1. Counting other beta carbons within 10 Å of each residue's own, what order do 70, 37, 78 fall into, fewest first?
2. With r defined as the distance between the Cβ atoms of residue 141 and residue 63 and R0 fixed at 30 Å, what FRET efficiency is calculated, to the nearest 0.05?
3. Given R₀ = 45 Å, what would the calculated FRET efficiency be for residue 167 paired with residue 19, taking r from the Cβ atoms and rounding to 0.05?
4. For residue 181 and residue 81, compute 0.36 nm times the residue count separating them, minus their Cα-Cα distance, and round to one decimal in nm.
5. Mind giving me the nanometre distance, one decimal, between the label points for residue 56 and residue 156, set 7 Å out from Cα along Cα→Cβ?
């Protein structure tokens, strides 16, 4: 196998989901700690469609989800990377959009708990917090670079994952011309 042929966009040519699922199961069940080299080698060298098939096969073989097994066994940045690799593209984009909008909620929480609110009424706090820290770059990237079908899939995934309407969330977290542009793209 040469490194020039690897990557998560191209399908792996010698693909066997059963073999991959069994290797992942073995790597996750290693005593002491998981075999992260095997996990990374397999999951970073398969296309997303292949990873979805591996996850389905893993669940049939191991009687538990691959995502749950990774969450339980692998932590930190490697764990986060592996979990991101296991998401279908539309769910990953929905997650990133939610995270981009959650930044302002975290900022609001920090403002509230910093004691600033003790000297302001609720209207003032609301004005101070509105629009604090949304990740405009991520919102722009996802909504401007996806096809109509991909955006429809992201919208459906967002509604399924978060039980919220993406357009309403965007309207609540952004404002002005930027908000109008994002909603038009959606």
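1. Values: 70 25, 37 9, 78 14.
Listed from fewest to most nearby Cβ atoms, that is 37, 78, 70.
2. Details: r = 38 Å, r/R0 = 1.27.
It comes to 0.20.
3. Details: r = 43 Å, r/R0 = 0.96.
Computed FRET efficiency for residue 167 and residue 19 comes out at 0.55.
4. Details: separation 100, 0.36 × 100 = 36.00 nm, distance 3.07 nm.
Extending this stretch completely gives an extra 32.9 nm.
5. 1.5 nm
A short reminder: the numbers here are calculations on the coordinates, not readings from a lab. Nothing here was measured: the structure is a model prediction, and the numbers come from that model. Neighbour counts run over all protein chains shown; Cβ positions are idealised from the backbone, glycine included.
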